[in-house]
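*Asks:* The structure that follows is given in the form of structure tokens.
The values are calculated or read from the model by the stated rules, or taken from the named source; none is laboratory data. Treat the numbers as computed from the prediction; the structure is a model and nothing was measured. Cβ placement follows ideal geometry from the backbone for every residue including glycine, while neighbour counts extend to all protein chains displayed. In case anyone asks, the SASA skips ligands and DNA or RNA and just uses the protein heavy atoms, side chains included. Shrake-Rupley method; radii C 1.70, N 1.55, O 1.52, S 1.80 Å.
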Amino acid sequence: MSSTLTVRRAPKLWWNVLGLLVFVTAGFPLYWMLNTAFKPAKDAIDPDPSLLPTGITFANFGRALDIADFWGPVGRSMVVSLAVVVIGMVVGLLAALAISRFAFRGRKIVIVGILAVQMVPLVAMIIPVFLLLNDLGQYDRLTGLIITYLTFVLPFTVWTLRGFIVNIPRELEEAAMVDGCSRTGAFLRVVFPLLAPGMVATSVYGFIQAWNEYLYALMLLSQKNQTATVWLGNFTTKHGTEYAPMMAGATMMAVPIVALFLLVQRKMAAGLTAGAVKG
């Protein structure tokens, strides 16, 4: 009997070990960032670094704030990311609703087009985007960067929200319309509350995409309008890279993302599971 239980538990044990390895692999860069941010600067460039903290100091954070303006780039990144999320969610929700609930000519072409846009490497569009924004007078402006980010956040938003909307039965809307609701009223009273967790999950991922983007922010904005990701490049100078202050700056940049996850973690979990199963 005991041997049978041991055989049954063996696969579960290996899955737990695999999960632990994945967790360690994914979490180690975050741990090393925090470890380097709080250790003395001289220890950060030690050729034989210690895996465990050798000392705790907050001097790296002061150095990070002294190297260049911190709040300006962070504020600009916040404005750009929030604008991308708000515009992307409004436009993406309407587009996803149209694709999911209405039959129109060219519907399949639109769906294929959304997938095709997501497969295009972002680096391949730098020169066309630069020339287009320059012609429109949007080079070195946050509005131009917001428009650029929407080109790759919107397809993701539309495709993800479409999956959530498809999982909501049409019968719920039809029942509400039978009870006297208009199509808009049925959507607002029935579909929208059920769609809220999916919208939260999609918004968070859209925010992360805009917040962490580096290449377009570097190419389309001057130093006076730089965002937080480009701001981190100030730690690499002709004298080398100041790794401890850089990791301190990266830690401060990660705070808004962590705070956002903590605020919406329940909605995130509900949204991810809602989109995983066909209703």
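*Asks:* Keeping every protein chain present and rolling a 1.4 Å probe, give me the accessible area per residue for segment 132-237 in Å². The partial results should precede the final answer.
*Replies:* Working: 4920 Å² over 106 residues.
The answer is 46 Å² per residue.
*Asks:* Would you mind classifying the chain by shape? Square roots of the alpha carbon gyration tensor eigenvalues, ordered a ≥ b ≥ c; an a/c under 1.5 is rounded, otherwise it is prolate if a/b is larger than b/c and oblate if not. List each step's numbers first, then the result.
*Replies:* Numbers: a/c = 2.34, a/b = 1.27, b/c = 1.85.
Oblate, because a/c is 1.5 or more while a/b does not exceed b/c.
*Asks:* Tell me the carbon and sulfur percent of the accessible area for the chain, rounded to whole percent, probe radius 1.4 Å. The partial results should precede the final answer.
*Replies:* Details: 11690 of 16610 Å².
Within the chain, the accessible surface is 70 percent carbon and sulfur.
*Asks:* Dipole of the chain, Cα-centred, from +1 at each Lys and Arg C-beta and -1 at each Asp and Glu C-beta, to the nearest 20 debye? Each step should come with its number before you reach the end.
*Replies:* Details: 21 positive and 13 negative charges, 183 e Å.
My answer is approximately 880 debye.
*Asks:* Taking R0 as 35 Å, what's the FRET efficiency between residue 212 and residue 102 from their Cβ-Cβ distance, rounded to 0.05?
*Replies:* Working: r = 34 Å, r/R0 = 0.98.
Computed FRET efficiency for residue 212 and residue 102: 0.55.
*Asks:* Next question. How far is it, in nm, from the label point at residue 262 to the one at residue 151 when both lie 7 Å from their Cα along the line to the Cβ?
*Replies:* 3.7 nm
*Asks:* With charges set only on the Cβ (+1 for Lys and Arg, -1 for Asp and Glu), what does the dipole of segment 1-139 come to about its Cα centre, in debye to the nearest 20?
*Replies:* The dipole magnitude comes to about 960 debye.
*Asks:* Could you please report the charge total around residue 60, scoring K, R as +1 and D, E as -1 over all other residues with beta-carbon less than 10 angstrom from its beta-carbon? Each step should come with its number before you reach the end.
*Replies:* Numbers: positive: 39, 63; negative: 242.
Here the charged neighbours net out to +1.
*Asks:* To continue, here is another question. What are the DSSP H helices in the chain that stretch 30 Å or more along their long axis, judged by alpha-carbon atoms, and whose average Kyte-Doolittle hydropathy comes to at least -0.5? List each step's numbers first, then the result.
*Replies:* On the way: long enough: 2-38 (49 Å, 0.72); 71-101 (44 Å, 1.72); 142-166 (34 Å, 1.64); 243-274 (41 Å, 1.26).
Sorted by number, the helices that extend far enough and score high enough are 2-38, 71-101, 142-166, 243-274.
*Asks:* Local charge sum around residue 245 (other residues, Cβ-Cβ under 11 Å, Lys/Arg +1, Asp/Glu -1)? Write out the running numbers ahead of the final one.
*Replies:* Numbers: positive: 63; negative: 66, 242.
Here the count lands on -1.
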